[in-house]
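Notes for the one structure printed next.
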Amino acid sequence: MPAAPGAPAIAAGSLAAQQRTFNVFREEFNHERPREPLDQETPAACYRLSPWPMPDRPPPLEYPDRFKVRYVSANGGIPWNRRWVNVSIVCVGEYVGLEEVDDGIWNVYLGPLKLGRLHDRQMRIEDEYGSLYRHRDVLTHVPDCFVTYVPERSASITIRPTALARPLLVGRRGYFVSNGSL
């Protein structure tokens with residue numbers, strides 16, 4: 001990848017020297033170089049602090065009383081009926097809510113986002129396409145992940161039609177998975 005205009009073309013000799021080089025570039029980029037889209041102002045001249053404080057941690061997810069709530073463990077699963085069900089490693093450390101919609105069928109939510117449908121008989125979560133199985137050919141970077149596309153959380157990407165048969169999933173923290181052909 002070519003270097004940005006004004007950026008050094010080669011790496012510095014040490015991490016400290018590289019950091020100094022980046023600091024000089026950042027200072028010039030933000031404070032000295034005007035931008036046409038900013039009416040010939042510098043980014044630093046246009047920057048304003050947000051009036052809203054940034055929380056250290058997002059507020060806890062809340063579910064209605066009719067939901068059963070489970071904690072997603074470090075391996076991405078939840079205990080269910082004395083067995084283990086994989087949800088997603090993207091949801092590790094979060095609580096998911098399960099809402100019974102029929103006998104032995106549960107909708108699985110991460111906050112307001114429906115992840116899929118859990119079937120007690122298969123002990124698997126079905127995605128929006130009705131598939132109970134992961135597509136390992138698509139998920140080469142995250143081997144045991146339940147993945148679905150979430151438009152408002154996903155990065156803007158262009159996917160060649162032959163690259164994927166199904167869309168991808170992004171979790172609450174904004175992660176997404178690709179098969180490397182994007």
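Readers should treat all values here as calculations from the given coordinates under stated rules, not as data from a laboratory. Nothing here was measured: the structure is a model prediction, and the numbers come from that model. Using ideal geometry, Cβ is built from the backbone for each residue, glycine included, and neighbour counts are taken over all protein chains shown.
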* FRET efficiency for ASN81 and GLU128, Cβ-Cβ distance as r, R0 = 35 Å, nearest 0.05? -> 0.90
* Which whole-Hz couplings ³J(HN,Hα) result when phi for each residue of region 30-35 is put into the Karplus expression 6.51 cos²θ - 1.76 cosθ + 1.60, θ = phi - 60°, listed in order with x for Gly and Pro? -> 8, 10, 10, 9, x, 10
* Arrange LEU115, LEU98 by Cβ neighbour counts within 10 Å, fewest through most, would you? => LEU98, LEU115
* What is the order of GLU99, GLU27, fewest Cβ neighbours within 10 Å to most? -> GLU27, GLU99
* Structure fact -> P(r) over all Cα-Cα pairs of region 40-82, 10 Å bins from 0 to the longest distance, whole percent per bin, short to long, reads 17, 26, 21, 14, 15, 6, 0
* Structure fact -> Length gained if HIS119 through VAL101 is fully extended, taking 0.36 nm per residue and subtracting the Cα-Cα distance, is 5.4 nm
